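Worksheet: one structure, shown below.
The values are calculated or read from the model by the stated rules, or taken from the named source; none is laboratory data. Everything numeric in this text was worked out from a predicted model, so none of it was measured. Here the Cβ positions follow ideal geometry from the backbone for every residue, glycine too, while neighbour counts run over all protein chains shown.
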Amino acid sequence: MPEQIGIVVSTYNSNITNRLLEGAKETLAKADWSFEVTQVPGAWELPLAATWFAEKSEVAGVVTLGAVIRGETTHDQHINRAVSNALMDLMVRTGKPIGFGLLTCNTLEQAIHRAGGNVGNKGVETAEAVLAMLTAKH
């Protein structure tokens, strides 16, 4: 079976994550990579779904996309740290690139700017990073 890229996207803050997803899909399609998308409820679930993809022999790498926006408590910090650590561990354990496209913003405005606004689209950048690592590996 030909290699493909897995994309895991959180549906929480979907007004942001849908923009990230579109950017990632366009980037992978432009590079002639096939991909499969799985949606998860929130950022917390990204590592588990990324693991499901990474453990498939036909999956060369995984793009993870989500948006955590700071609230009134430190909940966002705990989620962000746990997810980033889990994804890094998965990448090292499997030897497959796992793109970190989890926005960790203080405000909704910051997230909008990173999802196709004046700071670019982090979905595009995350897909490009996975593709660059696949090139470096071969």
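Report the residue count in region 56-73 for those that are under 20 Å from GLY95 (Cα atoms) and not polar (S, T, N, Q). Write out each step before concluding.
Step one: of region 56-73, the residues under 20 Å from GLY95 (Cα atoms) are 56-65.
Retained after the next criterion (residues that are not polar (S, T, N, Q)): 56, 58-63, 65.
Residues meeting the conditions: 8.
With respect to GLU26, is the statement that it is surrounded by fewer than 23 Cβ atoms within 10 Å (Cβ to Cβ), at pLDDT 95 or above, more than 11 Å from the chain's Cα centre (by Cα) and under 18 Å from ALA129 (Cβ atoms) true? Talk me through it step by step, then tell me what you get.
Values: surrounded by fewer than 23 Cβ atoms within 10 Å (Cβ to Cβ): yes; at pLDDT 95 or above: yes; more than 11 Å from the chain's Cα centre (by Cα): yes; under 18 Å from ALA129 (Cβ atoms): yes.
In short, yes.
Among all residue pairs at least 6 apart or on different chains, which show Cβ distances below 7 Å where the first residue, located in region 41-65, is more than 23 Å from THR104 (Cβ to Cβ) and the second is among the aromatic types (Phe, Trp, Tyr)?
Close Cβ pairs satisfying both conditions: VAL59/PHE53.
Would you mind stating whether THR51 is β-branched (Val, Ile, Thr), closer than 19 Å to ILE5 by Cα and touching a Leu at 6+ places or on another chain (Cβ under 9 Å)? Explain how you work it out, then say what you get.
On the way: β-branched (Val, Ile, Thr): yes; closer than 19 Å to ILE5 by Cα: yes; touching a Leu at 6+ places or on another chain (Cβ under 9 Å): yes.
Yes; evaluated as a whole, the condition is true for this residue.
Considering only residues that are of a type outside the set (A, V, I, L, M), at pLDDT below 95 and more than 23 Å from GLU72 (Cβ to Cβ), which ones fall in region 97-134?
Step one: of region 97-134, the residues of a type outside the set (A, V, I, L, M) are 97, 99-101, 104-107, 109-110, 113-114, 116-118, 120-123, 125-126, 128.
Pick out the ones that are also at pLDDT below 95 and you get 104-107, 109-110, 113-114, 116-118, 120-121.
If the condition is that a residue be of a type outside the set (A, V, I, L, M), at pLDDT below 95 and more than 23 Å from GLU72 (Cβ to Cβ), then GLY116, GLY117, ASN118, GLY120, ASN121 are the ones that fit.
Which members of region 88-124 meet the condition of being of a type outside the set (A, V, I, L, M) and either under 10 Å from the mean Cα position of the chain (by Cα) or assigned to a strand (DSSP E or B) (or both)? So that I can check it myself, show each step before the final result.
We begin by selecting, within region 88-124, every residue of a type outside the set (A, V, I, L, M); these are 89, 93-97, 99-101, 104-107, 109-110, 113-114, 116-118, 120-123.
If the condition is that a residue be of a type outside the set (A, V, I, L, M) and either under 10 Å from the mean Cα position of the chain (by Cα) or assigned to a strand (DSSP E or B) (or both), then GLY99, PHE100, GLY101, THR104, CYS105, GLY116, GLY117, GLY120, ASN121, LYS122, GLY123 are the ones that fit.
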